[in-house]
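Novice: I'd like to ask some things about the structure below.
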Ligand SMILES: O=C(O)CCC(=O)C(=O)O
Ligand SMILES: [Fe+2]
């Protein structure tokens, strides 16, 4: 259970870091370790950009996936959020060598029909619920996640310089593919995980107009409920390394 121990250290680091950056407001502290911060002030894209940069503590590095993006329903769907369909459980930046530690969402325009509810599920809760053979396969078997020209090949669960790292996404556009099971039940582990996750009851958060939500990407899987057709919902998302 070395992994779980490391995970818990990572968790504490993230919580410390959140507190250190002083972004959390007490009114919306959630059950699972200071997840969500809300300030109800309108933010422009430029201000949002600056906020992300200041949280990042450095100049923007602008990696291919790391830019601040505007998530809205578009005709040419490119990113995961640019669809009115429900968003399945995932962590962000799965295909990057080092996925971001946090992401910040700014709800510029919410879905008037009440769609687009944010869903969160704590990864530590998932890990303690999984049988050992699944954890083992997730940490050892080599899995390929690929979209467009980007790909990750390696274990889906691990530990890097930023802490626990769980890469997960399985939807219409991207399916994990076993490259080398290393003698473990990798395919069954992926299926087991998908089935388990489908049964999990999310922490649901209905964002209000102008909410700012800071999420530790290493600690939570997230998703989102379906949007109304032709929704005018508009969200900025910034990744914080
Ligand atoms: O639309 C949202 O609320 C979140 C979108 C998202 O998770 C993503 O684009 O990665
Ligand atoms: Fe996401």
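Read the figures in this text as sums done on the coordinates, not as results from a lab. Only a predicted model underlies this, so the values are computations on that prediction, with no experimental measurement involved. For neighbour counting, all protein chains shown are included, and Cβ atoms are generated from backbone atoms with ideal geometry for every residue, glycine included.
Novice: Sort 54, 225 so the one with the fewest other Cβ atoms within 10 Å of its own Cβ comes first.
Specialist: Arranged by neighbour count, lowest to highest, 54, 225 become 54, 225.
Novice: How would 48, 102, 159 line up from fewest to most surrounding beta-carbon atoms within 10 angstrom?
Specialist: Going from sparsest to densest Cβ surroundings: 159, 48, 102.
Novice: Between segment 90-160 and segment 177-241, how many Å separate their Cα centres?
Specialist: After rounding, the separation between the Cα centres reads 6 Å.
Novice: On to the next question. Mind sorting 224, 147 by how few other Cβ atoms lie within 10 Å of their own Cβ, fewest first?
Specialist: Sorted ascending by nearby Cβ count, the order is 147, 224.
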